[in-house]
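Working notes, beginning with the structure itself.
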Amino acid sequence: MKAKSELQTYSNTKTAIVHEWLSVIGGSEKVLEDIHKVFGGPIYTLVKNEEVVNNSYFKDTEIHTSFIHNLPFGKTAYRNYLPLFPLAIEQFDLSDFEIIISSSHSVAKGVLTTPNQLHICYCHSPMRYAWDLYHQYLRDANLGFGIKGLLARSVLHYIRTWDVSSVNRVDHFIANSNFIARRIKKIYNREAVVIYPPVDLDKFTLVSVKENYYLAASRLVPYKRIDLIVEAFSKMPDKKLVVIGDGPDLKLITEKAKGSANVQMLGFQSSEVLIQYMQKAKAFVFAAEEDFGIMPVEAQACGTPVIALGKGGSLETVTAETGVFFKEQTAQSLIEAVQNFELNQSRFDSATIRQNAERFSRPRFISEIKDFILQKHAEFKS
C-alpha cells in the first residue's frame, strides 16, 4: 500500500470527509479510501467498528464518530437509531475546513456548512429505503399498518422531508452512475456529474480457462435477489450454481437450496477464495437492480461474462460483448437468459471482457475525482 502522503494534494487541516458509517469494508468504503488518499484530512462518521477499521486502510486515519457510537448497541445495531441520524450528522463541527467531501448513501450529505465552505457530495444513492425501496422495505420488515407500521412510516416520512431540505447544503453532486444521476435529478432536482467507482483491477486478474459452474455472490439481503437465482437454478438441475455470501437471508436461501443437488451454498468466504471462484466461473449471475454494482465489474476483470438483470447500473457496466441481460426479476426470465447465454457462449472472449472492466480502474477514478474537485475549488476561490 502506498503511503497516504504520496497522493494527498491538500494538508489534513483543509479538507474533511464525511461518510455514514465504517462498519464493513464494501464498495462505498473503497471509494472513501481513494478519496482520502487524494485529499487526506479527518473522516467524520456516525459509527465505526474498531476491528474493521484496524484491519483496513483506515487504521491510522483520524476518525471522529457521533453520539450514536456511544449509545447502547450503537456500534452494531446503529440502524435502529435511524430517527437520530439527521440530528447526529448535524452535530459535526466542520467550521475549520475549507473543503467538505461527503460520501453519501444516507445522511452524510446533510452536514452543516457555511457559505465560505465548498461541499461536494459523492452520492452512491439517495437513501433507497426512504424513496424507491420504501414499500419493499416495509414489506420485508413486516411493517403493515399496525402501530409499528405507522411509526415506521412516520419516521421515514420525516427522513424524506429532512433529506430534501438538506439538498442545498451541497454545492456539487457526483453520481456513481448515470442511473444514480437520474435519481438525483428526480428526487433532488439537481444535476450530477458521473464518476464511476474504482475497481482494483490488479487484484482481479484474467483467467481464460473456465470451469462448468455459475457463480452468484453478494451480501445476502432481500434486494440482491439471490433467492431468485437459487430458485431459477433449482429448475435447471443440469447446471451447477455456487453461491458465496453471508447475511440476514442466509437461512432462508439455504432452505430454498435444499433438495437442489446442483446448488452449492458456501456462505462467507475470504476475498482470495471469492476471486478464485470468479476467475473460473462459466458466468457470474447478478439479479439485483443495483446503483452501480461493483461485483459484475470485478467478474469481468477476471474475464468472466455476466448474466445480469437489465436494469440499474448493470446497463452501464455490462455490454453485448461481455454478457447477457434478463428483463424481469423472475426465475423464468433468468432461466431464459441462461439458455441464451449457453447458446452464444462461444462468442464471449475473456480478453475483451477484461478490457471492458478496465474502464473502471482505480487510477482512472483517482484522476477524475481529483480533477473535478480541484476544478470546483479553483472556481470557488476565484
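Of note:
- Selection count where residues are touching a residue at least 60 places away in the same chain (Cβ under 8 Å) and in contact with a helix residue (DSSP H, G or I) (Cβ under 8 Å, 6 or more places away or on another chain), scope segment 214-232: 12
- Selection of helices (runs of 4 or more DSSP H) fully inside segment 127-188 by the criterion of at least 1 residues being closer than 21 Å to residue 27 by Cα returns 178-188.
- Strands (runs of 3 or more DSSP E) wholly inside segment 230-311 that include at least 2 residues being outside the structural domain of residue 350 (by TED's automatic domain parsing): none
- Any pair with Cβ under 7 angstrom, 6 or more apart, that starts in segment 165-182 at a residue that is more than 18 Å from residue 377 (Cα to Cα) and ends at one that is at pLDDT 95 or above and aromatic (Phe, Trp, Tyr): 167/188; 176/196; 177/196
- Residue selected from segment 321-372 under the condition part of a strand (DSSP E or B) and touching a residue at least 40 places away in the same chain (Cβ under 8 Å), by the criterion farthest from the chain's Cα centre (by Cα): 323
- Test for residue 200: is it touching a residue at least 12 places away in the same chain (Cβ under 8 Å) and more than 24 Å from residue 248 (Cα to Cα): yes
The values are calculated or read from the model by the stated rules, or taken from the named source; none is laboratory data. Quick caveat, the model's predicted, so the values are computed rather than measured. Cβ coordinates were reconstructed from backbone atoms using ideal geometry, including for glycine residues, and neighbour counts include every protein chain displayed.
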